[in-house]
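Visitor: I have a structure I would like to understand better, so I am pasting it below and will then ask my questions one at a time.
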Amino acid sequence: PGVKITKQVEGSTQSNAWTTQNTANAGDTLKYLITYQNTGNSAENQVIVRDNLPPKMTLVPGTTVVTDVANPKGITLPDDLIVQGGENLGDFDPGAIAYVTFQVKVPTTDQLACGQTEFRNVGVVRPQGMDEYFNTAVTDVDKTCTTPTPATPTCDAFSITTGDNRTVTVNDFQATGNGATFNNAVI
């Protein structure tokens, strides 16, 4: 027996730009591709394909499609099976290949931490009676955050009026005000 699995990603507006690592923006839609191939010399039965979505990513309903020798034009699979336990694709003779595609939504900005978040998406294949095989695609999403600049304290708790002959009158005096604390004054 032998199994080959690849996991790839591309933007929803791209066509045949599959890669194992990309970047996206908050709220984008991505397409994922899991490719399974029986590389052994005997049939592999009840092949289960599943995907471990990263936290906060969500499957777009109605987008999971399998294309293989039995479904050369592709067939839509029931929603959520690919991310909840897996989809049984059936039996595959030596050399047979299956392609599973689906779309996911990247979390919105309010769901992301500041800086770069790495979303590691893992595709898994398990033929009956065999171990699990997996492969990974990575998407990096940046969120720019600005640190608010603190307001500059003002000293309106101390006011004076200039008078004649170099005299001044203190009109108002408070030890603190508007984030400032009185330290000293030179008149």
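Visitor: Quick one: what does P(r) look like for the range 1-53 with 10 Å bins over all Cα pairs, in whole %?
Guide: Spelled out per bin, shortest first, that is 20, 42, 25, 12, 1.
Visitor: In square nanometres and to one decimal, what's the mean projected area of the convex hull around the Cα atoms of the range 93-147? Mind showing how you got there, number by number?
Guide: Values: hull surface 22.1 nm².
With the hull built on Cα positions only, its mean projection is 5.5 nm².
Visitor: Follow-up question, since we're still on this one. What accessible area, in Å² to the nearest ten, does a 1.4 Å probe give for L59?
Guide: Only protein atoms counted, so the area is about 30 Å².
Visitor: Given the pairs K31/K105; K73/K105; K4/K56; K56/K105; K31/K56, which span a C-alpha to C-alpha distance of over 18 angstrom in this model?
Guide: Flagged as over cut-off: K73/K105; K4/K56.
Visitor: Sticking with this structure for a sec: From the phi of every residue in the range 115-129, what ³J(HN,Hα) in whole Hz does the Karplus formula 6.51 cos²θ - 1.76 cosθ + 1.60 yield, where θ is phi - 60° and glycine or proline is x?
Guide: With the stated coefficients, the range 115-129 comes to x, 9, 10, 9, 9, 9, 9, 10, x, 10, 10, 9, x, 3, x Hz.
Visitor: With a sphere of radius 15 Å drawn around the Cβ of L53, what net charge do the other residues whose Cβ falls strictly inside it have (Lys, Arg +1; Asp, Glu -1)?
Guide: After counting each charged neighbour, the total is 0.
Visitor: Dimensions of the chain along principal axes (Cα, Å, largest first)?
Guide: Dimensions of the chain along the principal axes of its Cα atoms: 108, 30, 25 Å.
Visitor: Taking the convex hull of the Cα atoms, report for the range 31-116 its projected area averaged over all directions, in nm².
Guide: Convex hull of Cα atoms, orientation-averaged projection: 6.5 nm².
Visitor: To the nearest 10 square angstrom, what accessible area does R120 show with a 1.4 Å probe?
Guide: R120 has an accessible surface of roughly 120 Å² with all protein chains in place.
Visitor: Given the options V170, V124, V104, state which has the largest fluctuation in a GNM of the chain using a 10 Å cut-off (strictly under) for Cα springs.
Guide: V170
The values are calculated or read from the model by the stated rules, or taken from the named source; none is laboratory data. The structure presented is a predicted model; accordingly, all values stated were derived computationally and were not measured. No Cβ is skipped: glycine too gets one built from the backbone with ideal geometry, and neighbour counts run over all protein chains shown. Each accessible area value is taken on the protein alone, full model and side chains, heavy atoms only, with ligands, DNA and RNA left out. Shrake-Rupley method; radii C 1.70, N 1.55, O 1.52, S 1.80 Å.
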